[in-house]
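To start, the structure under review is shown below, and the notes come after it.
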Amino acid sequence: MKTQEFIRIRLGIKPKIKKLPADEFVLRRFTKIETSLTEKIIEKIPEVAVLIITEGLSKAMSVYNKNT
């Protein structure tokens, strides 16, 4: 596409162990809890996409971006 001008829907899970090096965290397998959380997030992607289209990116970010 040769452009950065598109909206990305990304997900992330931060480490519970703060001192874990980033490469170790990123490259390890998901725990059962992380897998479950990821599946729940993926199920919401169509809902997020509709909100982005109907009410805009800022609204969708305010609804779905949570620091938990």
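Details
- Segment 13-27 residues that are under 18 Å from Lys66 (Cα atoms), paired with ones that are open to solvent by less than 70 Å² (accessible area, probe 1.4 Å) and of a type in the set (A, V, I, L, M, F, W, C) (beta carbon under 7 Å, 6 or more apart): Pro15/Phe25
- Criterion violated by Lys59 - all others in (1) under 18 Å from Phe6 (Cα atoms); (2) under 15 Å from the mean Cα position of the chain (by Cα) satisfied: (2)
- Subset of segment 10-25 that is under 26 Å from Ile52 (Cβ atoms) and of a type in the set (A, V, I, L, M, F, W, C) - its residue that is least open to solvent (accessible area, probe 1.4 Å): Ile13
The values are calculated or read from the model by the stated rules, or taken from the named source; none is laboratory data. From a predicted model like this one, the values you see are computed outputs, not experimental measurements. With ideal geometry, Cβ positions are generated from the backbone for all residues, glycine too; neighbour counts draw on all protein chains shown. Areas reflect the complete protein model, heavy atoms only, side chains present, ligands, DNA and RNA absent. Shrake-Rupley method; radii C 1.70, N 1.55, O 1.52, S 1.80 Å.
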